[in-house]
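K.L.:
First the structure, which I've put down as structure tokens, then a few questions once you've had a look.
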Amino acid sequence: MRIVHALLTVAAVLTASPTMPADDTSSDVAVLAEELGLPGVAFRVVSEDRVIENIELGVDGNGVPVDARTPFVWGSVSKSVTAATVHALVDHQRLSLEESVNSVLPESDSILSEEVTIEDLIHHTSGLPHQVDDLDQWGRTQRALDVVPTLTVTAADRGTFRYSSLNYLLLQAIVEKETGEPFAEVVARETGVHTADAVAPGYVPFFTFPRRVDTGIDGAGLGYGYLGGSIDELSRYASRQLTAAASNRPETVPTGSGTGYGYGWYVETLPDGTEMRWHSGAVPGYFTHVALIPERHLAVVFATNRYGELEADALASGARSLVLARLGIDEPHVSGLGHYHLALIGSTALALALAVCAAATLIRFRTAPGRWAPARILAALGAGALLYFSLPTLAGAPISTLARWAPDVTLLFWIVLAELVVIAGALVARAGRTRSPGHDNGRPSEEDRP
């Protein structure tokens with residue numbers, strides 16, 4: 001326990017949050033950044049033609065102060081850019097939203113039925129599952145068009161909203177197939193978004209403190225999560241989307257949570273009747289949130305270089321509260337113990353409890369095993385096997401992927417697994433020792449003593 005405490009203390013010191021600068025410390029953006037331990041933040045409120053509010057705080061992963069040119073990875077905000085690119089090709093009559101995906105992209109015929117259309121991909125109604133095994137492969141330079149034939153997923157029936165980044169991987173492949181050009185070049189020409197080729201390291205939470213992670217770019221994932229750029233680039237894109245929103249309202253499908261989804265945006269009606277289009281985006285180390293309020297001629301853009309999956313609710317709620325505050329709506333963000341803290345507390349408590357059990361088993365190594373020893377061995381091995389095989393299913397991601405999104409919980413997972421193996425191994429060795437020739441088995445075990 002002393003070793004564990006010492007390690008956690010060292011980790012806390014090594015990963016301590018960079019100090020926020022004194023500028024704008026009274027703003028609600030700075031207060032949120034301080035509360036959530038965000039190393040760097042960029043925030044803008046813009047109209048179609050001007051910047052109304054601009055705040056830049058903290059540092060990037062290299063310790064350089066965040067400014068208007070600091071690149072961020074946009075995460076799923078990329079989806080609205082991809083949808084806009086596809087719609088531009090539709091306007092040029094190079095694609096039709098009603099076309100079957102397989103007719104345009106024969107590489108997808110093993111995973112999609114013939115009825116699935118390009119519009120189904122845009123609306124997440126293709127039936128594709130939210131399977132992350134084929135996503136977030138940093139450093140991948142393949143095109144999405146090269147990745148589609150390697151997919152082993154099977155889509156369910158089309159027609160119901162089912163959020164899946166695989167839809168937008170296929171949309172990227174369609175753009176690449178139709179144009180014969182790199183996806184980033186088509187995006188730049190059709191939407192004006194020039195994506196960043198690289199970013200500074202981001203931060204992931206590690207026992208609540210930010211730890212640097214060398215966030216990479218996935219070339220086949222630009223369409224669903226790996227476009228990126230500065231707050232300048234993102235706010236210019238938001239302004240252009242405001243202009244486009246003035247002339248069209250996206251067709252949406254119900255999501256089942258009180259919002260619609262269309263054109264790569266969630267669409268909802270606020271209590272005062274105002275329509276808001278928004279999307280959050282995240283990859284390990286980066287989080288963004290963009291909201292469009294066409295009736296008010298406002299767009300709000302928020303970007304930070306910290307993200308871990310178990311902190312998703314806190315970041316999304318915080319960003320939303322900043323947006324609504326600009327509309328005169330008071331909606332306090334989530335505070336207190338969240339999913340991340342509960343998972344961390346529970347995992348740490350389990351690891352410490354098993355450390356005590358392992359130490360007690362080793363201390364009693366010279367005593368004879370009790371009559372419950374076989375059951376304890378089976379229980380330890382069974383618990384380890386259950387943990388090893390069930391966690392990826394519960395998390396919806398393999399352990400290697402989970403390590404990027406939640407490295408501290410993953411570390412505790414391996415510690416708990418190791419402790420169970422130690423306990424089982426010690427019990428087996430203890431039983432074998434007491435059965436060895438010449439060993440005195442007459443000494444009662446502590447478990448059997450009254």
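The values are calculated or read from the model by the stated rules, or taken from the named source; none is laboratory data. Predicted, not measured: the structure shown is a model, and the values here were computed from it. Note that each Cβ is placed from the backbone with ideal geometry, even for glycine, and that neighbours are counted across all protein chains shown.
K.L.:
Please return the ranges of strands (runs of 3 or more DSSP E) entirely within region 192-290 where 1 or more residues are at pLDDT 90 or above and over 30 Å from residue 147 (Cα atoms).
P.N.:
202-206, 209-213, 265-269, 275-283
K.L.:
Another question, then. Restrict the check to region 123-132 and report whether at least one residue is at pLDDT below 95 and over 22 Å from residue 259 (Cβ atoms).
P.N.:
Yes; the residues of region 123-132 include at least one that is at pLDDT below 95 and over 22 Å from residue 259 (Cβ atoms).
K.L.:
Within the group 63, 58, which residue is more than 22 Å from residue 227 (Cβ to Cβ), part of a strand (DSSP E or B) and either modelled with pLDDT under 95 or of a type outside the set (Asp, Glu) (or both)?
P.N.:
58
K.L.:
Go through (1) in contact (Cβ under 8 Å) with a residue 12 or more places away in the chain; (2) surrounded by fewer than 21 Cβ atoms within 10 Å (Cβ to Cβ); (3) over 21 Å from the mean Cα position of the chain (by Cα) one by one and return the number of the condition residue 235 breaks.
P.N.:
For residue 235, the failing item is (2).
K.L.:
In addition: Taking residue 260, is it out of contact with any strand residue (DSSP E or B) (no Cβ under 9 Å at 6 or more places or on another chain) and small (Gly, Ala, Ser)?
P.N.:
No; evaluated as a whole, the condition is false for this residue.
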